[in-house]
Amino acid sequence: ALGAFWETIDMLQSEEKWNENIDEFQLNAARSIYLLRFYTDVAETLAPEDASAMFSGFTGLEQRLLWVRRHVEAITLADLRHAFIQYYVPFIKKSSTSALYIVATPQAAEESGADFVARLNNNQYGVEFKALEMSALDPIIRI
């Protein structure tokens, strides 16, 4: 799966491949999923969300919901490609990222932890993966 991830990142950097694989249908699906999750989160925390909306410069929850919907629907394929090239690709490249953490549970397979890390390190971005115990992250992340 990780190999497919790296291949997809490489493929989508080409404008021609991007245009072949990313279209309005997929963008609309992503918009719908985002808005569904956003509205679901709002429904679960309605009273605090209404207060948050007012503190964010909106007159109420309805105004905030309309603002979010209008801006999500305004995202274009060109916007999405720009964000992918400008922010996402540099985020995963070693030259631009000081640390990228992936939490993986031990697999119920015959592959050792060392083999798993070696496979992760076989990537063209120069991202170096290391196996750490969760306690090693305590100074960085409070669990």
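The values are calculated or read from the model by the stated rules, or taken from the named source; none is laboratory data. Values in this document were obtained by computation on a predicted structure and should not be read as measured data. Here the Cβ positions follow ideal geometry from the backbone for every residue, glycine too, while neighbour counts run over all protein chains shown. Just so you know, the surface numbers come from the protein's heavy atoms only, side chains and all, with ligands and any DNA or RNA stripped out. Shrake-Rupley method; radii C 1.70, N 1.55, O 1.52, S 1.80 Å.
So the values come out like this:
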read-out	value
Near pairs, Cβ below 7 angstrom, 6+ apart or cross-chain, from the stretch 78-103 (of a type outside the set (S, T, Y)) to any residue that is at pLDDT 70 or above and surrounded by fewer than 10 Cβ atoms within 10 Å (Cβ to Cβ)	K94/G126
Neighbours by Cβ (under 6 Å, 6+ apart or cross-chain): first from the stretch 1-17, modelled with pLDDT of 80 or more; second of a type in the set (F, W, Y) and open to solvent by less than 50 Å² (accessible area, probe 1.4 Å)	L12/W18
